[in-house]
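Contents: one structure, followed by commentary.
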Amino acid sequence: MHNMKRRNFFKSSIIAAAGVSACKNLGNDKSVPGYIDYKDKYAEEQKLTLLNELQNEFLKVEIFSNALFKVEDLSNGYKWESWPLAIQDKTIVEVGEVWLNTNRSLTGQYPGRFAGIVEGEGIRFTLLGLNNLIIGKFFCEIRLDGKWLVFKTSEIEDSIPSLVFPPPVISDAIVIPKGVGEIYREKEESSMFARYIYPFYTRLNMRFLGGLSGDSAWIGIFDDGFEDSYGFVANRTATPILTRSLNKWSHSFTWRMQFLKGDYVDIAKVFRKWIIDKGKFVSLNEKINNNKYLNCLKGGRAFWINLAFPSDNIRKSEEIYASDRVSADSENKVKILFTYKQLGELIEKLKKLGLSKGLIKIGGWINGGYDYSHQDVWPPEPSLGEISELGEILSSGGPVLTCLHDNNQDIYDHTASFPKGVNHNADGSLLTGGVWAGGQAFILNSRYSIEYAKRNWEKIKTVAPKAMFVDIITAMQLYQSFEPENRLTKKEDLEAKIELLKFYKEQGILLGSEESADFGIPYLDWYENRHQRTRGRSIPLWPLVFHDAAFNTRYGGVSRNTDYPGYLEDMLWGYMAHFSINPQWNQEELFKSLSHVDDWHEKIGTAEMTSHRFLSDDYNVEETSFSTGDRIICNFGPEPFVIDGKTIKPKSYLLLKV
């Protein structure tokens, strides 16, 4: 750190001395927290003081004693400033639940203020609560790295349960990689604004946050230690929240910020470059070169067809207070939707309806039906037919490809392998997942996910699938396990998930997973997600970064309940059309009408998305462009839209060249 300026911040040395003194005055109980008499005794010491100045050819930065920092983007002449505080959570945040409670209450939070002094090459900050309660201290090194302003936070005291730091930058809008991508422009209507903690990867699918003001932008990337970080979002602010690993502060956290001229498209492209520079980007064209079957997805359609579901379960019915109570007569009766023979007939029917390319995901083939027997999935459900019939369906080499659905994260307590490998919470209890078709699921330590996957593959490979869909691996947040013999940190959980994906890819198959996550890009060929458009809120951050790295399709995308054709969203973002098919499926006419969606995807399916913009003030008209030179304008609104002398009808689109 250069140009370090030591200032007379506290006349009485450091703020901790005040806290110790206050504690002594409260009696001998050292568990009682100490307070600072802000208005009187320490008023002078609390005045705002400049602690550090940094400058290079790109940035000029000032850091103040209350953790407020000011940034001048010298390349663009724009000045940014942070808030002088950061709203803190009272909890450790990670409490052993399968899905984090993302909505936070103001009663569980407080405005945290900071008092810092220079120490060596960094600043020792004290976190202060309401009435200047001393919460604890931590250390932060702040430096410049080319265009990056880097915060490295460490030595967080145990008295701090979780830490929101650095304070958020004041912005007109914030940009969040959640779903397809979101932008928040509006001020909260109430002063009691909503607060959210967004984890990787159930909410944030890329490890960055961003903000906009005028024609300038900033991006903050979660770097080292990000596995134990979350995004904290409140009233058009966004910044990291740092959490413990296995209930301990055990490592540092690095947050790097870049300031630029541009908007959310430019933010996405900065992150794209960072991922490429890290060696974590593999293009679809490269993946196609390694596996010709991936061509079946370009210009194709995606399907989810479940063959069977488990029998009704009395225990599950009781535990969720199901009003349609289950009788013992219904136990052990697997519900068959399609046998292998009927599945084969359905595939032929789809081809006659016009299906020429695509991927059919087969679910519910496992013993007991969909979700029932993870991780003891073999042999397949016997009432579906002979195993050889399943192998015959999987033998097709395209252009209509089939794949098997599996799940290597959930396990059920009625299986023989249970409870081996289940994550343990801090209190020794087992980490529960959702209540699915198979009943109450439990969440595996991802090291055991690999063990079960390798064991099961020895059986699954006998039917020679050319593709596998490993459910929820990229959709779930990172977990930890307190099991004494096999502790697992969130960082180790991520490493094990990556090893699982590597294992499948080493089998020479195509690989897909649920939702979207940046760590899966080197290994996954396609994602199935729930991206959907909210007018004015949704921005295509994911495809702006990764459109040419993995195919995407949306559950029920073309048949969503919207007042415009669902395929408009697919075409705007460059996604494949998707159908979920059951025995009551009656979308033949819609199915036959979507050749234009296939043709568009054939053009741009492996291309980089280069831009996105809103063309109307009401956000009803949007445009995306691709590296092929193709662009599309979608009019989601009720009125015609005219551009360059061309009229786009309501709820329609126009294809153009850049």
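Anything in region 408-421 that is within 23 Å of the chain's Cα centre (by Cα) and of a type in the set (V, I, T)? List them, or say none. Walk me through how you get there before you give the answer.
So in region 408-421, the residues within 23 Å of the chain's Cα centre (by Cα) come out as 408-411.
Matches in region 408-421: I411 only.
Can you tell me which residue within region 118-132, out of those that are part of a strand (DSSP E or B) and without any contact (Cβ under 8 Å) to a residue 40 or more places away in the chain, is surrounded by the most Cβ atoms within 10 Å (Cβ to Cβ)?
Looking at the filtered set, the residue picked out is L127.
Kindly indicate whether any position in region 523-534 is among the aliphatic types (A, V, I, L, M), assigned to a loop (DSSP other than H, G, I, E, B) and crowded, with 20+ Cβ neighbours inside 10 Å.
Initially, region 523-534 is screened for residues among the aliphatic types (A, V, I, L, M), giving 524.
Next, only the ones that are assigned to a loop (DSSP other than H, G, I, E, B) stay: 524.
Those still in the list that are crowded, with 20+ Cβ neighbours inside 10 Å too: 524.
Yes, that holds for at least one residue.
What's the total number of residues in region 396-441 that are over 29 Å from K316 (Cβ atoms) and at pLDDT 95 or above? Explain how you work it out, then say what you get.
Of the residues in region 396-441, the ones over 29 Å from K316 (Cβ atoms) are 396-402.
Okay, now just the ones that are also at pLDDT 95 or above, so 399-402.
Of the residues in region 396-441, 4 are over 29 Å from K316 (Cβ atoms) and at pLDDT 95 or above.
Assuming Q477 fulfils every condition listed in (1) within 30 Å of I314 (Cα to Cα); (2) outside any strand (DSSP E or B) apart from one, which condition is it?
The single condition Q477 does not satisfy is (1).
Would a scan of region 609-618 turn up a residue that is without any contact (Cβ under 8 Å) to a residue 40 or more places away in the chain, surrounded by 21 or more Cβ atoms within 10 Å (Cβ to Cβ) and either among the β-branched types (V, I, T) or in a loop (DSSP other than H, G, I, E, B) (or both)?
Among the residues of region 609-618, not one is without any contact (Cβ under 8 Å) to a residue 40 or more places away in the chain, surrounded by 21 or more Cβ atoms within 10 Å (Cβ to Cβ) and either among the β-branched types (V, I, T) or in a loop (DSSP other than H, G, I, E, B) (or both), which makes the answer no.
Tell me yes or no: at least one residue of region 273-292 is buried (at least 20 other Cβ atoms within 10 Å of the Cβ), under 20 Å from G512 (Cβ atoms) and touching a helix residue (DSSP H, G or I) at 6+ places or on another chain (Cβ under 6 Å).
Yes: one or more hits.
With the checklist (1) of a type outside the set (F, W, Y); (2) outside any loop (DSSP other than H, G, I, E, B); (3) crowded, with 24+ Cβ neighbours inside 10 Å in hand, flag the one item D406 doesn't pass.
Answer for D406: the failing condition is (3).
What number of residues in region 547-560 are touching a residue at least 40 places away in the same chain (Cβ under 8 Å) and in contact with a strand residue (DSSP E or B) (Cβ under 9 Å, 6 or more places away or on another chain)? Before the answer, list the steps.
Taking region 547-560 first, the residues touching a residue at least 40 places away in the same chain (Cβ under 8 Å) are 547-551, 553, 555.
So of that shortlist, the ones also in contact with a strand residue (DSSP E or B) (Cβ under 9 Å, 6 or more places away or on another chain) come out as 547-548, 550-551, 553, 555.
Number of matching residues: 6.
Residues that are over 18 Å from the mean Cα position of the chain (by Cα) and among the hydroxyl-bearing types (S, T, Y), at least 2 per element: which strands (runs of 3 or more DSSP E) completely within region 133-218 meet that?
Details: elements: 134-145, 148-154, 173-176, 182-184, 195-198, 208-213.
Strands (runs of 3 or more DSSP E) meeting the threshold: 148-154.
Is region 106-117 home to any residue that is in a loop (DSSP other than H, G, I, E, B) and surrounded by 17 or more Cβ atoms within 10 Å (Cβ to Cβ)?
We begin by selecting, within region 106-117, every residue in a loop (DSSP other than H, G, I, E, B); these are none.
No, every residue in region 106-117 fails to be in a loop (DSSP other than H, G, I, E, B) and surrounded by 17 or more Cβ atoms within 10 Å (Cβ to Cβ).
Go through the residues of region 496-509 one by one and say whether even a single one is of a type in the set (F, W, Y), touching a helix residue (DSSP H, G or I) at 6+ places or on another chain (Cβ under 9 Å) and surrounded by fewer than 22 Cβ atoms within 10 Å (Cβ to Cβ).
Here is the first cut: in region 496-509, the ones of a type in the set (F, W, Y) are 503-504.
Remaining after also requiring touching a helix residue (DSSP H, G or I) at 6+ places or on another chain (Cβ under 9 Å): 503-504.
Now restrict to residues that are surrounded by fewer than 22 Cβ atoms within 10 Å (Cβ to Cβ): 503.
Checking region 496-509: at least one residue is of a type in the set (F, W, Y), touching a helix residue (DSSP H, G or I) at 6+ places or on another chain (Cβ under 9 Å) and surrounded by fewer than 22 Cβ atoms within 10 Å (Cβ to Cβ).
This table checks each residue for (1) over 15 Å from T243 (Cβ atoms); (2) of a type outside the set (S, T, Y); (3) touching a Lys or Arg at 6+ places or on another chain (Cβ under 7 Å).
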| site | (1), (2), (3) |
| --- | --- |
| K147 | yes, yes, no |
| I156 | no, yes, no |
| L163 | no, yes, no |
| V169 | yes, yes, no |
| V180 | yes, yes, no |
| E186 | yes, yes, no |
| S190 | yes, no, no |
| F193 | yes, yes, no |
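To keep it simple, each residue is scored yes or no on (1) surrounded by fewer than 22 Cβ atoms within 10 Å (Cβ to Cβ); (2) farther than 18 Å from S171 by Cβ.
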site	(1), (2)
P199	yes, yes
R203	yes, yes
S213	yes, no
A217	no, no
A238	no, no
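Take V164 and decide whether it is surrounded by fewer than 16 Cβ atoms within 10 Å (Cβ to Cβ) and among the aliphatic types (A, V, I, L, M).
On the way: surrounded by fewer than 16 Cβ atoms within 10 Å (Cβ to Cβ): no; among the aliphatic types (A, V, I, L, M): yes.
No, not satisfied.
Looking at region 496-522, which of its residues are outside any loop (DSSP other than H, G, I, E, B), touching a residue at least 40 places away in the same chain (Cβ under 8 Å) and more than 15 Å from the chain's Cα centre (by Cα)? Let's see the steps before the verdict.
Of all residues in region 496-522, those outside any loop (DSSP other than H, G, I, E, B) come to 496-505, 510-514, 518-520.
With touching a residue at least 40 places away in the same chain (Cβ under 8 Å) added as a condition, the list becomes 496-497, 499-500, 503-504, 510-514, 518-520.
Those that are outside any loop (DSSP other than H, G, I, E, B), touching a residue at least 40 places away in the same chain (Cβ under 8 Å) and more than 15 Å from the chain's Cα centre (by Cα): A496, E499, L500, F503, Y504, L510, L511, G512.
Select from region 69-100 the residues that are more than 29 Å from the chain's Cα centre (by Cα) and either part of a loop (DSSP other than H, G, I, E, B) or outside the structural domain of A234 (by TED's automatic domain parsing) (or both) and list them in ascending order. Show your work before the answer.
Of all residues in region 69-100, those more than 29 Å from the chain's Cα centre (by Cα) come to 70, 72-79.
Answer for region 69-100, where residues must be more than 29 Å from the chain's Cα centre (by Cα) and either part of a loop (DSSP other than H, G, I, E, B) or outside the structural domain of A234 (by TED's automatic domain parsing) (or both): L74, S75, N76, G77.
Kindly list, by first and then second residue, each pair from a residue in region 81-101 that is under 14 Å from D228 (Cα atoms) to a residue that is charged (D, E, K, R) and at pLDDT 90 or above, limited to pairs with Cβ atoms under 6 Å and residues at least 6 apart or on different chains.
I92/R244
Are any of the residues in region 220-229 within 14 Å of Y264 (Cβ to Cβ) and surrounded by fewer than 22 Cβ atoms within 10 Å (Cβ to Cβ)? Give the derivation first.
So the first thing to find is which residues in region 220-229 are within 14 Å of Y264 (Cβ to Cβ), and the list is 220.
Still in the running and surrounded by fewer than 22 Cβ atoms within 10 Å (Cβ to Cβ): none.
Within region 220-229, not a single residue is within 14 Å of Y264 (Cβ to Cβ) and surrounded by fewer than 22 Cβ atoms within 10 Å (Cβ to Cβ).
Among the residues in region 251-262, are any among the charged types (D, E, K, R) and either out of contact with any Asp or Glu (no Cβ under 7 Å at 6 or more places or on another chain) or under 30 Å from L401 (Cα atoms) (or both)?
Taking region 251-262 as the starting set, the residues that turn out to be among the charged types (D, E, K, R) are 256, 261.
Cutting the leftovers down to either out of contact with any Asp or Glu (no Cβ under 7 Å at 6 or more places or on another chain) or under 30 Å from L401 (Cα atoms) (or both) gives us none.
The answer is no, given that none of the residues of region 251-262 is among the charged types (D, E, K, R) and either out of contact with any Asp or Glu (no Cβ under 7 Å at 6 or more places or on another chain) or under 30 Å from L401 (Cα atoms) (or both).
State which residue is surrounded by the fewest Cβ atoms within 10 Å (Cβ to Cβ) when the search covers only region 441-474 and only residues that are part of a loop (DSSP other than H, G, I, E, B) and out of contact with any Asp or Glu (no Cβ under 9 Å at 6 or more places or on another chain). Spell out the reasoning first.
Step one: list which residues in region 441-474 are part of a loop (DSSP other than H, G, I, E, B), which gives 445, 464-466, 472-474.
Then drop every residue that is not out of contact with any Asp or Glu (no Cβ under 9 Å at 6 or more places or on another chain), which leaves 464-466.
Working: A464: 10, P465: 24, K466: 20.
This residue is A464.
The values are calculated or read from the model by the stated rules, or taken from the named source; none is laboratory data. Note that the structure is predicted; figures quoted are calculated from it, not measured. Quick reminder, even Gly has a Cβ in these numbers, built from the backbone with ideal geometry, and neighbours come from all protein chains shown.
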